[in-house]
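FYI, it's all coordinate maths here, none of it is from the lab. Computed from a predicted structure; not experimentally measured. A quick note on method: Cβ atoms are made from the backbone with ideal geometry, for glycine too, and the neighbour counts reach across all protein chains shown.
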Amino acid sequence: MRNEGARVAVEFDGGEVGLLSMRWLRLACECDICGDTASGKRWLTPADVPADVRASAVEISPAGDMDVTWQDGHVSRFAAGFLAAHVGSAGAPRFQPQLWSSDLSGRLGRFVFDAVIEDDEALFLSLRALRDHGIAMLTGVPAEPEATLRVAGRYGPVRETSYGKVFDLISRPDARVAGETARAQIPHTDEPFRYSPPGFIFFHAVRTGAGSGGTSLMVDGFQVAEQMRRTRPHLFDLLTRYGVTFHREHAGEVFFSAEAHVISLDASGAVTGIRFNDRCLAPQAGSIENIDRLIEALAQLTRLICDPQNQFQHQLQPGEVLVFDNQRVLHGRTAFDPTLAVRHLRSCNLDRDGVHSTFRTLARRFAPQEAEPVLYQGAIL
Ligand SMILES: [Fe+2]
């Protein structure tokens, strides 16, 4: 360890040397006086740390902890593990999702209702599958509405929507939304017209018309986005930089409208979220020079979403629940014959950050190294 004024160089047992900024280190102090950032009982602010803050003494304890005495007399202690985690890192590690196409079946995580309800580790494994693939399946889920809510509630708080907490999608002739008709639906994300669309969706198959169509079509939006980045980079770029407007209006009741990117990127350029539903696209605003290119980008995305090679197809059976990340995975279905069978799906929505919070909390117990990496944070405006 060497105190270099604005920096401290830390050498580890293996011989690697890393640098830490003194200003960063002073701000990282979580002693009783400075307070704790995780709980928010925090008293030191960034403005309290001068740009030229310096240590008057730095010592390493036999256990490898570092004690810093600052020029104003304040003392900070940093644990060896904390130093190892931050020295030389360009930023927090980022989780890399596993992309899939029509080949998902062999990798799709399947979890039994009773286990997910009773066993935290089984719940954790299903959350890990959701993190990796954005989709998982639950089996053996009883048909009662309480069972849907009970299992969904294990993953995080259920979001109350204009339809309540649980919404029954039953095919009917006086359909109010497309989900209640028997028509085919192009894979889409739900409610892109909200600033913050539903995070995770549970689709509980209560009754299905076996043999009469209604096959679920699931698409990994991240895989499709990467395909577009590779093959049509200009169109990909448009969808990450220009806002697209989605809307929903029932006269006198609701009027949602959101202008947002179809493909969201993080600061490193990685895809973090998708929002797209061809049926809610408003007439787009834009200059006459740009508008046709934007529409071509939306058309190309639609072609990729409709390509069977990008679709995992599954005929839902009663008792199955498909859980998916609505800001990554697009869902649709083939048409079915409403005279042959009534199709009854029950659905509920969870906020994304609530589900990720449950994942991290359980990861602390079952796989501590998986609790910290930054997860893809969804469709942002
Ligand atoms: Fe939908």
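Converting phi to 3J(HN,Hα) with the Karplus coefficients 6.51, -1.76 and 1.60 and the offset θ = phi - 60°, the stretch 155-162 yields 8, x, x, 7, 7, 7, 10, 5 Hz in sequence order, with x at every glycine or proline. For the chain, just say rounded, prolate or oblate: build the C-alpha gyration tensor, square-root its eigenvalues into a ≥ b ≥ c, call rounded for a/c under 1.5, and beyond that prolate if a/b exceeds b/c, oblate if not. Cα axes put the chain in the prolate bin. Evaluating 6.51 cos²θ - 1.76 cosθ + 1.60 at θ = phi - 60° for every residue in the stretch 294-311, the Karplus couplings come out as 5, 5, 5, 4, 5, 5, 5, 4, 4, 4, 5, 5, 8, 6, x, 5, 9, 10 Hz, glycine and proline recorded as x.
This model, with +1 at the C-beta of Lys and Arg and -1 at the C-beta of Asp and Glu, gives the stretch 166-247 a dipole about its Cα centre of some 180 debye.
Can you give me the relative contact order of the stretch 2-86 as a percent, contacts being Cα pairs under 8 Å and 6 or more apart?
Value for the stretch 2-86: 21 percent.
Under a Gaussian network description of the chain, with springs only between Cα atoms under 10 Å, the residue in His86, His314, His247 that fluctuates furthest is His86.
For Gln98 and Asp266 in the same chain, what is the full-extension length gain: residue separation times 0.36 nm, less their Cα-Cα distance, in nm? Each step should come with its number before you reach the end.
Working: separation 168, 0.36 × 168 = 60.48 nm, distance 1.70 nm.
Extra length from Gln98 to Asp266 when fully extended: 58.8 nm.
Note on the chain: dipole from Cβ charges, positive end direction compared against Gly15, Pro157, Met228; the farthest Cα belongs to Met228.
What does the highest-first list of 221-230, 11-20 look like by mean Cβ count within 10 Å?
Working: 221-230: 20.9, 11-20: 11.6.
My ranking of the peptides, most packed first, is 221-230, 11-20.
What shape does the stretch 319-364 take by its C-alpha gyration tensor, where a ≥ b ≥ c are the square roots of the eigenvalues and a/c under 1.5 counts as rounded, a/b above b/c as prolate, and the rest as oblate?
On the way: a/c = 3.80, a/b = 2.64, b/c = 1.44.
Cα axes put the stretch 319-364 in the prolate bin.
Taking each residue as 0.36 nm, the span from Arg154 to Phe256 lengthens on full extension beyond its C-alpha to C-alpha distance by 33.8 nm. Once the other residues with Cβ under 12 Å from the Cβ of Ala258 are scored (Lys, Arg +1; Asp, Glu -1), what is the net sum? Result for the local shell: +1. Working note: Karplus 6.51/-1.76/1.60 with θ = phi - 60° gives the stretch 70-83 the couplings 8, 4, 8, x, 5, 10, 10, 10, 10, 5, 4, x, 5, 5 Hz, where Gly and Pro are set to x. For Tyr195, neighbours were defined as the other residues whose beta-carbon sits under 15 Å from its Cβ, and their charges (Lys and Arg +1, Asp and Glu -1) total 0.
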